[in-house]
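Only the coordinates and a few stated rules stand behind these numbers; no lab work does. These figures come from a predicted structure and were not determined experimentally. Ideal geometry is used to build each Cβ from the backbone, glycine not excepted, and the neighbour counts take in all protein chains shown.
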Amino acid sequence: MEILEKRIQQDGLVKKGNVLKVDNFLNHQMDIQLFNEMGKEFKRLFADKPINKILTIESSGIGIACVVAQYFDVPVVFAKKTQSINLDGEVYSSKIESFTHKRVYDVIVSRKYLGPEDHILIIDDFLANGCAVNGLIEIIEHAGATIEGIGIAIEKGQQIGGKLLREKGYQVESLAIIDAMDDETGEITFRH
């Protein structure tokens, strides 16, 4: 998606450790006009799927997922990283290791919001090693729901997550796929 790639080139910051900082438009301060364009593109890419829910993980995926959900006219469910006193009843859970934060989270979704009748589109801001998406897949499988596809804003193509998910047969659509990043020059190369 050219508009996203241009924004990454313009405002993204490559840091040591294969980290791309895009918090000024994607995952801290959010550019809603950009999110709208992303929502339209995800709707186009998954238009033939019977999606009735979008699943993401807190917190960076929520904003994107909400805008995407408007184009599908479906609710968003997000996996929580902490147990809450107001989350009552049974939950589905999985362990997810964060590439950026270098820690393992227990993530949970109330059983009230996912079930066998659901056709899920997973939406997230980044795909690196695939840990977050695989944790969401595990939750969806526990619920007996159907995974209709995986929509990612930015995929780090030089890491294994996207390749492994595609090899498992999932439709993974990433709006920008990065092939290489140089933390000394700040140069970013995209796959087309």
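Brief remarks on what is shown
- Whole-Å semi-axes of region 94-192's equivalent ellipsoid (Cα gyration tensor): 27, 15, 10
- Remark: Thr146, Thr189 ranked as Thr189, Thr146, counting other beta-carbon atoms within 10 Å and listing the fewest first.
- Placing a pseudo-label 7 Å from each Cα along the Cα-to-Cβ vector at His119 and Gln33 gives an inter-label distance of 3.4 nm.
- Between Lys168 and Asp106, the simple label model (points 7 Å from Cα in the Cβ direction) yields a spacing of 2.2 nm.
- Relative contact order of the chain: 19 percent, from C-alpha pairs under 8 Å at least 6 residues apart in sequence.
- Label-to-label distance, nm, for residues given as Lys16 and Arg44 (7 Å Cα→Cβ offset): 4.1
- Among beta bridges that DSSP assigns inside the chain, antiparallel share in %, nearest 5: 40
- Cross-link pairs beyond the 26 Å C-alpha cut-off, checked among Lys112/Lys156; Lys53/Lys80; Lys43/Lys95; Lys40/Lys112: Lys112/Lys156; Lys43/Lys95; Lys40/Lys112
- Maximal additional length on extending the Asp182-Thr82 stretch stands at 32.6 nm, based on 0.36 nm per residue less the C-alpha distance.
- Helical contribution to [θ] at 222 nm, DSSP H n ≥ 4, -39,500 (n - 2.57), averaged over the chain, rounded to 500: -9000 deg cm²/dmol
- Antiparallel content of DSSP bridges confined to region 19-125, in %, to 5: 55
- Cα-Cα separations in the chain greater than 30 Å, expressed as whole percent: 15
- Between Ile51 and any residue 5 or more places off or on another chain, the built amide H atoms are never under 5 Å apart.
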